[in-house]
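The values are calculated or read from the model by the stated rules, or taken from the named source; none is laboratory data. All values derive from a computational prediction rather than experimental measurement. Because the Cβ atoms are built from the backbone with ideal geometry, glycine has one as well, and the counts that use them run over all protein chains shown. Side chains included, ligands, DNA and RNA excluded: accessible areas come from the protein's heavy atoms. Shrake-Rupley method; radii C 1.70, N 1.55, O 1.52, S 1.80 Å.
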There are 2 protein chains.
Amino acid sequence: MAIITVIGSGAMGSAMSVPARTNGHTVRLVGTMLDVDIINHAKETGYHTGLKRTLPSGIEYFQLEELETALTDVDLIISGVSSFGVKWFASEIMPRLPKNIPVLSITKGMLNQSDGYMISFPKYYEGLYPDMDFLAVGGPCTSYELVDLDNTCVGICGNNPVSLEFCKDLLATSYYHINLTTDIEGFEFAVALKNAYAMAVTLALGLSLKDGDVLHYNSQAALFGQSVREMRKLLIMFGYNGDNLEYGVGDLYVTVFGGRTRKIGTLLGMGHNLEYALNELSGITLESVVIAERTSKAVLTFIDSGRAKKEDYPLLLHVYNIIANNAPVDIPWSEF
Amino acid sequence: MAIITVIGSGAMGSAMSVPARTNGHTVRLVGTMLDVDIINHAKETGYHTGLKRTLPSGIEYFQLEELETALTDVDLIISGVSSFGVKWFASEIMPRLPKNIPVLSITKGMLNQSDGYMISFPKYYEGLYPDMDFLAVGGPCTSYELVDLDNTCVGICGNNPVSLEFCKDLLATSYYHINLTTDIEGFEFAVALKNAYAMAVTLALGLSLKDGDVLHYNSQAALFGQSVREMRKLLIMFGYNGDNLEYGVGDLYVTVFGGRTRKIGTLLGMGHNLEYALNELSGITLESVVIAERTSKAVLTFIDSGRAKKEDYPLLLHVYNIIANNAPVDIPWSEF
């Protein structure tokens, strides 16, 4: 049995404890400075106040100041921060980690480069700590359904085949299914894109609710199909093959039906502006908006330099217009 | 304004009247021998008993014996039969149609060939009537939502660019959006596939309902992602490019949420066998089962002759096992 230390006890980081505990590993869940109450509560009761679920027994809970203890003899480190915590994790936490232990990131998202390209978080970490071994998990997985043991298929990407197999051995269970890929950038880009497009698809929810109280699926499906079309073109534009597109498609599907992104897309589709929609979600991290904006900026850089055609991305550019210019929702159906 | 004659007044054939009437065309809706009551009722009240909706005013209704009258001076013929009516349409109706008028088919599905390949209905019609001009419409569109004027994006395929533009001019409206393609086989295959895979995705609904009364999305998304992966491989195996995959993906999305296929997949996932599930839907045409079986047979022919690998299609072959061998649902997650 191995020792797995998860740093960041938000919803997804904590949910990773579940397959790890199913496999009988020692799990040490370390809260960040944002998670003090979560850790205190879970330590006492086993109940995670964010997930609203009881975590498996046997998890050891730590506050951030106990990080060194939590890292003793560790075999795998899981970085459980959101995309807003990535730079903090890189500068404050990474130097405190043992250099020879693989770090598996659950964070979704990409960072913009000045040439229009985007880089994954593993790549970003690698640039800062070239001797360390970074991997990332992605694909359709909502944290609370993982805790409920729903069958879930994810991918893990990394450079090192030995570390990839090591992670799979530690974490794969009868309900948590893992595929491996060394195409880090293609994989991470595919799953990051779903955030931008989930907001686009859910605009249709708001549009039908504005007209009545019945959800329609033709318009959702039209936006879903167009999203997949644009995602495929984006992957190709960035120079990746389409082999990992399906992780993004599955992730798009699950995000359309889950939580925050669905809520903001619905509010926008109903005619509310972005400020109103964000206020309704006050206090909740919304990575979708950030990723939509970042991806759009990358695409705009490509368009400006003649490396992409504007007419290939009507849906993404409309979402950008809503986010950046407070434009009203007016789906460019005829440009699809 | 043009004269459009729709032959077959089932749900989708009749729904095509809606954009045609929005554009002010003369619409003549002709029932088959299965539609006598639908036509009688609609003629008297304007209400379509299958769609459970009132059709637009101004539609002219005809019984099959009045077909010749309904074809007078016609500009476009729409074939509104289901896949079970295709051979009847070809042998009994086609000879009575004017040879110089384009025929737009709404029928979804493919026919098996002995070499493993499948052909589209337009291709099948063309083989029998090489001088006629056949087109087909496909993509995510449920009939009742089209009647409700939900925004809908479809594709129309055909050989003749002039006829393609003609159909688009006649039928495109502010809510019914049409793209055109000359890749008939690739397009028709992509949209036919969704039937087989919609049943696969909805198995997850039954699996979660069996365990409780809450729908989970991780497992649905895993099956959705795997479906898209297999659909892409199937398109490539058949020699098509992936450009029309998205119509199939959108169509898959809308089918997962609509009606009969969802019901049968859910019942199977809950542990009922195919016979029970089909009995629950008694009297309702179930194209999904037929298309799943046909596609599987095509794939098996390819596998037997070494032109395809079994491990590329675990989900489709499991669905085939359920249909052909009454196998219990046991999703091969680890083979994805």
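Bridging of B:K99 to aspartates and glutamates at a Cα separation below 17 Å is possible for B:E68, B:D73, B:D75, B:E126, B:D131, B:D133, once same-chain residues fewer than 8 apart are set aside. Shown here is the pair-distance distribution of the protein assembly as shown: with all Cα-Cα distances grouped in 20 Å bins from zero up to the longest one, the shares run 18, 49, 27, 6, 0 percent.
Across chain B, where is the longest run that never hits trypsin sites (Lys or Arg not before Pro) in a DSSP loop with at most 14 other C-beta atoms within 10 Å?
Numbers: sites that count: B:K52, B:K99, B:R307, B:K309.
The segment B:100-306 is the longest one with no such site.
Taking a Cβ cut-off of under 11 Å around A:F166, the surrounding Lys, Arg, Asp and Glu residues balance to a net charge of -3, with basic ones at +1 and acidic ones at -1. What FRET efficiency comes out for A:S305 versus A:N326 if R0 is 25 angstrom and r is the Cβ-Cβ distance? Round to the nearest 0.05. Working from the Cβ atoms, E equals 0.40.
Plainly put, the tip 7 Å out from Cα toward Cβ on B:E65 is 9.4 nm from that tip on each other copy, the closest given first. Buried accessible surface for the A/B pair, both sides summed and rounded to the nearest 100, is 3500 Å² with a 1.4 Å probe. Only protein heavy atoms count here; on that basis, with a 1.4 Å probe, A:Y240 has an accessible area of about 40 Å².
Between identical copies, the spacing of B:K210 label points, each set 7 Å from Cα toward the C-beta atom, reads 4.2 nm from nearest to farthest. Among A:I291, A:I101, A:I156, which one shows the highest mean-square fluctuation when chain A is modelled as a Gaussian network with alpha-carbon springs under 10 Å? Looking only at A:I291, A:I101, A:I156, the largest GNM fluctuation is found for A:I101. Comparing the full protein assembly with the isolated chain (1.4 Å probe, heavy atoms, ligands and nucleic acids excluded), the residues of the range B:196-228 losing at least 40 square angstrom of accessible area are B:H216, B:Y217, B:N218, B:A221, B:F224.
Spatially, the range A:81-100 and the range A:1-80 are offset by 16 Å when compared through their Cα centroids.
Within the accessible area of the range A:1-123, what % is carbon and sulfur when the probe is 1.4 Å and the other protein chains stay in place?
Details: 2560 of 4880 Å².
So the carbon and sulfur contribution to the accessible surface is 52 percent.
Close amide H partners of B:N179, meaning residues 5 or more places away or on another chain with modelled amide H under 5 Å apart, are B:V154, B:G155, B:I156.
I'd like the FRET efficiency for A:Y129 and A:D211, computed as 1/(1 + (r/R0)^6) with the beta carbon distance as r and R0 of 56 Å, rounded to 0.05. Present the calculation step by step, with values, prior to reporting the outcome.
Working: r = 52 Å, r/R0 = 0.94.
E between A:Y129 and A:D211, to the nearest 0.05, is 0.60.
Taking a sphere under 13 Å around the Cβ of B:I3 and counting the other residues whose Cβ falls inside, with K and R at +1 and D and E at -1, yields a net charge of -1. Mean sequence separation of contacting Cα pairs (under 8 Å, at least six apart), scaled by the length of the range A:176-302, corresponds to a relative contact order of 40 percent.
A Cβ-based charge dipole, computed about the Cα centre of the range B:29-93 with Lys and Arg at +1 and Asp and Glu at -1, lands at about 400 debye.
With only Lys, Arg, Asp and Glu charged, each at its Cβ (+1 for the first two, -1 for the last two), find how big the charge dipole of the protein assembly as shown is about the Cα centre; round to the nearest 20 debye. Before the final figure, lay out each step's value.
Details: 48 positive and 74 negative charges, 17 e Å.
Value, rounded to 20: 80 debye.
Maximal additional length on extending the A:E44-A:D243 stretch stands at 67.2 nm, based on 0.36 nm per residue less the C-alpha distance. Does chain A classify as rounded, prolate or oblate by the C-alpha gyration tensor (a ≥ b ≥ c root eigenvalues; a/c under 1.5 gives rounded; else a/b over b/c gives prolate, otherwise oblate)? Taking the square roots of the gyration eigenvalues as a ≥ b ≥ c, chain A is prolate. Step through the table entries A:K210/B:K263; A:K233/B:K168; A:K168/A:K310; B:K43/B:K297; B:K168/B:K263; A:K310/B:K310, compare each Cα-Cα distance with 31 Å, and write down the pairs that go over it. Listed pairs above 31 Å: A:K168/A:K310; B:K43/B:K297; B:K168/B:K263; A:K310/B:K310.
In the range A:144-179, the residues whose accessible area drops by at least 50 square angstrom when the other protein chains are added to the isolated chain are A:E145, A:D150, A:N151, A:C153; the probe is 1.4 Å and only protein heavy atoms count.
Heavy atoms of the protein chains alone define the surface here; on that basis chain B has 37 Å² accessible area per residue at 1.4 Å probe size. For chain A, the membrane-span-like helices by this rule, meaning whole DSSP H stretches whose C-alpha atoms cover at least 24 Å of axis and whose Kyte-Doolittle mean is 0.5 or above, are A:184-211, A:287-304; this says nothing about an actual membrane.
For A:G271, inter-copy separations between label points set 7 Å beyond Cα along the Cβ vector come to 4.9 nm, shortest first. Taking Cα centre as origin and charging only the Cβ of basic (Lys, Arg, +1) and acidic (Asp, Glu, -1) residues, the dipole magnitude of the range A:48-139 rounds to 460 debye.
When the helix-only estimate is applied to chain B (DSSP H runs of n ≥ 4, each -39,500 (n - 2.57), divided by the residue count), what is the mean residue ellipticity at 222 nm, nearest 500 deg cm²/dmol? List each step's numbers first, then the result.
Details: 14 runs with 157 residues, N = 336.
Computed ellipticity for chain B at 222 nm equals -14000 deg cm²/dmol.
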